[in-house]
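Structure first, commentary second.
The values are calculated or read from the model by the stated rules, or taken from the named source; none is laboratory data. Values in this document were obtained by computation on a predicted structure and should not be read as measured data. Reconstructed Cβ throughout: ideal geometry from the backbone, glycine too, with neighbour counts over all protein chains shown. In case anyone asks, the SASA skips ligands and DNA or RNA and just uses the protein heavy atoms, side chains included. Shrake-Rupley method; radii C 1.70, N 1.55, O 1.52, S 1.80 Å.
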Amino acid sequence: MPGYYVLQKNPAAAQYYHFVLRADNHETILTSENYVTKQGAQTGIASCQSNSPYESRYERRVSIASQPYFVLKALNNQIIGTSQMYSSSTARDNGIASCKANGPTTRIIDMTA
């Protein structure tokens, strides 16, 4: 079974909406920025679906605490989403492979209603 997106709303935040890409084992692969509107978050999902298969859209980074992670960028170089922190570069690269495999999914669970 492919992964899926979860569209969520956080009324306590200034910008309510965001999405999470999860693998079929329910582990979080990528978390989006916050969006003012639901439509903005849906557009972000569409951008993730179209950009995630391409290696050139991934930027490998290391946090201040020396933990590897990655960001997925759109063609215009804007960040679509950020991964979790990983224990190693190999684990991060496995996360990128999972994002490539699961990102194009059209399965979306809308938790905003």
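Side notes on the structure shown:
- If you filter the stretch 1-27 down to residues that are of a type in the set (D, E, K, R) and out of contact with any Gly (no Cβ under 6 Å at 6 or more places or on another chain), you find that the one that is most open to solvent (accessible area, probe 1.4 Å) is Glu27.
- Residues that are among the hydroxyl-bearing types (Ser, Thr, Tyr) and either in contact with a helix residue (DSSP H, G or I) (Cβ under 7 Å, 6 or more places away or on another chain) or under 24 Å from Pro2 (Cβ atoms) (or both), drawn from the stretch 38-81: Thr43, Ser47, Ser50, Ser52, Tyr54, Ser56, Tyr58, Tyr69
- Flag if Ser56 is part of a loop (DSSP other than H, G, I, E, B) and not hydrophobic (A, V, I, L, M, F, W, C): no
- Of all the residues in the stretch 64-113, those that are more than 14 Å from the chain's Cα centre (by Cα), without any contact (Cβ under 8 Å) to a residue 12 or more places away in the chain and in a loop (DSSP other than H, G, I, E, B) number 5.
- Residues that are out of contact with any Gly (no Cβ under 9 Å at 6 or more places or on another chain) and either open to solvent by less than 20 Å² (accessible area, probe 1.4 Å) or not polar (S, T, N, Q) (or both), drawn from the stretch 28-59: Val36, Lys38, Gly40, Ala41, Ile45, Ala46, Tyr54, Glu55, Arg57, Tyr58, Glu59
- Single residue of the stretch 60-88 satisfying the filter (aliphatic (A, V, I, L, M) and out of contact with any Ser or Thr (no Cβ under 8 Å at 6 or more places or on another chain)) that is most open to solvent (accessible area, probe 1.4 Å): Ile64
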